[in-house]
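The values are calculated or read from the model by the stated rules, or taken from the named source; none is laboratory data. What you see is a predicted model, and the numbers here were worked out from it, not measured in a lab. A quick note on method: Cβ atoms are made from the backbone with ideal geometry, for glycine too, and the neighbour counts reach across all protein chains shown.
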Amino acid sequence: MITKQLIAPKSIVVVGGSDDTHKPGGATLKNLINTNYAGEIYVVNPKCDTVQGVPSYRDINDLPSVDCAILAIPAKMCLQAVETLCNKKACKAIIILSAGFKEDSKEGAELERKIAEICNSTGTSLIGPNCVGVITQNYTGVFIQPIPKINPKGATLISGSGATIVFILEAAMQLGLHFSQVFSVGNCAQIGVEDALQYTDENYVPGESSPVIMLYIESISDPEKLARHAGSLIQKGARIAAIKAGYSEAGSRAASSHTGALASPDKAVDALFRKTGIVRCYSRTELVTVAAAMMYPEPKGRKIAIITHAGGPAVMQTDVLSSNGIEIPHISGGKADELLGKLYLGSSVANPIDFLATGTAEQLGYILDACENDFDVDAMTIIFGNPGLSTVYDVYDLIYNKIQSSKKPIYPVLPSIVNARDEIAAFQEKGGISFPDEVALGSAIAKIMNRPEPITDRTLPPVDKKLIREIIDSSENGYLATEKVAALLDASGINRTREMKASTQEDALKAAREIGYPVVMKVIGPVHKSDVGGVSLNISDDNVLLTEFDRMDKISGAKGVLIQPMLTGTEIFVGAKRENKFGHLILCGLGGIYVEALKDISHSLSPVSRTEADEMIRSLKSIKLIEGTRGKEGVNMVMFNEVIRRVSALCEAAPEIFEMDINPLLGNARNIIAVDARIRIEKD
Ligand code: ADP
Ligand code: MG
């Protein structure tokens, strides 16, 4: 719970505040004082009567009532302090900077649990432990440096790691980003990333609140909550960029030893972010670049003009933008010629617009005006550095003013971080946001513009839920029997091939004749039939059928055979895997032997919307093969889409499904038919 005392406390006590500003207690107090916190400040320090000029209480019991407490004392002393603050001092917000809790030991975890219990039962916000603190519009409750500029329109930063927040802030300040609030949630004993996001969502005022939210997440404990609030924020007009660290196996281990958090399966994270419209980033540089680009109004279309006085960076930016589907349209015609006439000889306006190393602020003004009024582009980037001959204040002033007045976004790349350090500082001092690297900016712009639309559609094709429940409820954990799998596919409206079970030679002959040659024979029992020689294709007469029956009968674990018609078509695959709190990941790809060999699989989180299923199919590398290529008949895309969504609907009706795959389905232009399926259930 986030109380008003956490956001806007009228009084703050630093428990463990000291004169030594190299210690967290001393540094926090110094930050509060230096940032002109307007409320009352107290200190608890058993050794002093004043600390940094602030009255200090030697005994916490002597404190007056206080809204918010920041604890910088050893872990083992925190419980007693929290009890006193919550029960006797009307304190409604506790921030524990100290480490030595869940991330450290069992005893630490127990202490942390007890502290959270007190806070929960007294309606007190608890941030941390093991964090760097909180910055709001009202106070700077952190021990770290640097302190960013605080501004209601600045970004919101929510981080699961304290140290990382420092580095993110440093990287962000280099671009001139301001912040409206910063939450370092540490061990999340009570308030986690999801709760801070919920608070941001519930207090979001479109047009007034910070439009950009940056997340650094090590563990997602409540994916549903994260998705709900991220989705709602995005609906209201906010944009969210997030790092989810620990996507590699080694990374996952690092995360668990770090904050005691368990890493979530990465594909599910990816799917959740896509569904919600969160832009996923993989480094601090990328996170701050994307967030800084998000601070600019979004381009109305996909055409960008690149303006520069240096050819190379413009070429590199063209490469990254155009290879990500952003257009750098050729500019020509009367208006272009008119502009060219105002530039030095040798300039080019074709796009990139190059006005040479000697280009002036006045010329840049003409170029920007032409891009805004005359040329068919939706945004401009300007790459303008300083070779060291003179200062570029006039150019950066012009860029700043044009950014304010232009209806199209203008992204400035100011690459001379040494030569033009002072000019960049002056540009940022006024509130300008700039980028040191043209390629990093280009890929950030592309990432923002290519992000998927958030998915709100939760409707799925109708399935026979009652029958599905009956089958699941009457089944044991593990792989389901062939008949049950068949019944579940039928209940879900997924076409499957006709098949007959046979346990004697006579039954097999009867089945084959009834189905009609050529047929397929499959062993019943082993899970991976081909691996044990348990699939025989294209059987065309009684002799082969009988020989094959005898052979399969001897396979270890054989419990009879299945006879199916021999079908033709392109092999595709649809599967599902339960990812705990994320629900089911639904997968699809090219089927048969290709699934494992090519790993060309796409995924979405259930419930899979029609748009998502379409995107899943379209994003496969093998899409050309599935669509049909060079005279080969393709798979019916509408039906493929529907099978994906029917598997999703089956999983929604049967959360007990731990994993399932239908592999292959044989598809052509008219039909898609499942010929093999496995379903494993795991009831809690
Ligand atoms: P498993 O996956 O257990 O090895 P399958 O039933 O998927 O067994 O069969 C293996 C392969 O045989 C399939 O990938 C497909 O290529 C082919 N196959 C299986 N059933 C049929 C069928 N009825 N018609 C045509 N080909 C089939
Ligand atoms: Mg198979």
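Scanning segment 189-221 for residues that are assigned to a loop (DSSP other than H, G, I, E, B) and out of contact with any Asp or Glu (no Cβ under 8 Å at 6 or more places or on another chain) yields a total of 13.
Summed over segment 499-516, residues that are charged (D, E, K, R) and within 11 Å of ligand 1 (Cβ to nearest atom) total 1. Residues in segment 502-520 that are at negative phi and in a loop (DSSP other than H, G, I, E, B): SER503, THR504, TYR517, PRO518. Here GLY154, GLY186 are screened, and the one residue that is outside any helix (DSSP H, G or I) and at pLDDT 95 or above is GLY154. Scanning segment 577-619 for residues that are away from ligand 1 (no atom under 16 Å from the Cβ) and of a type in the set (A, V, I, L, M) yields LEU585, ILE586, LEU605, VAL608, ALA613, MET616, ILE617. Residues of segment 630-647 that are within 16 Å of ligand 1 (Cβ to nearest atom) and in contact with a helix residue (DSSP H, G or I) (Cβ under 6 Å, 6 or more places away or on another chain): VAL635 alone.
Against the list (1) within 16 Å of ligand 1 (Cβ to nearest atom); (2) of a type in the set (A, V, I, L, M); (3) over 20 Å from PRO462 (Cβ atoms), the condition MET660 fails is (3).
For segment 617-684, the strands (runs of 3 or more DSSP E) that sit wholly inside it and include 3 or more residues that are within 16 Å of ligand 2 (Cβ to nearest atom) and under 32 Å from the mean Cα position of the chain (by Cα) are 657-667, 677-681.
The residue that is nearest to PRO526 (Cα to Cα), among those in segment 668-684 that are away from ligand 1 (no atom under 16 Å from the Cβ) and in contact (Cβ under 8 Å) with a residue 40 or more places away in the chain, is ILE681.
Please find, among ALA444, ALA426, ALA357, the residue that is touching a residue at least 24 places away in the same chain (Cβ under 8 Å) and touching a Ser or Thr at 6+ places or on another chain (Cβ under 6 Å).
Details: ALA426 fails: touching a Ser or Thr at 6+ places or on another chain (Cβ under 6 Å); ALA357 fails: touching a Ser or Thr at 6+ places or on another chain (Cβ under 6 Å).
When all the criteria are applied, what remains is ALA444.
The single residue among LEU650, LEU665 that is buried (at least 24 other Cβ atoms within 10 Å of the Cβ), within 14 Å of ligand 1 (Cβ to nearest atom) and farther than 18 Å from LYS275 by Cα turns out to be LEU665.
Tallying residues that are farther than 21 Å from LYS581 by Cα, free of Cβ contacts under 8 Å to residues at least 60 places away in the same chain, touching a strand residue (DSSP E or B) at 6+ places or on another chain (Cβ under 6 Å) and not small (Gly, Ala, Ser) within segment 185-214 yields 2.
Considered as a group, the residues in segment 537-572 that are near ligand 1 (Cβ under 9 Å from one of its atoms) and surrounded by 15 or more Cβ atoms within 10 Å (Cβ to Cβ) include one that is nearest to ASN671 (Cα to Cα), and that residue is GLY569. Here is a check on your reading of the model: is THR28 among the polar types (S, T, N, Q) and closer than 25 Å to ASP195 by Cα? So THR28 fits the description; yes. Summed over segment 517-531, the residues that are within 45 Å of the chain's Cα centre (by Cα) and more than 9 Å from ligand 1 (Cβ to nearest atom) give a count of 2. Meeting the requirement of 3 or more residues that are among the aliphatic types (A, V, I, L, M) and either out of contact with any helix residue (DSSP H, G or I) (no Cβ under 6 Å at 6 or more places or on another chain) or under 30 Å from LYS267 (Cβ atoms) (or both), the strands (runs of 3 or more DSSP E) wholly within segment 521-594 are 570-578, 584-590. There is at least one residue in segment 525-545 that is at pLDDT 90 or above, on the phi < 0 side of the Ramachandran plot, away from ligand 2 (no atom under 16 Å from the Cβ) and small (Gly, Ala, Ser). The residue pairs whose first member lies in segment 500-522 and is more than 17 Å from ASP550 (Cα to Cα), whose second member is within 16 Å of ligand 2 (Cβ to nearest atom) and not in a strand (DSSP E or B), and whose beta carbons are closer than 6 Å, counting only pairs six or more residues apart or on different chains, are PRO518/MET566.
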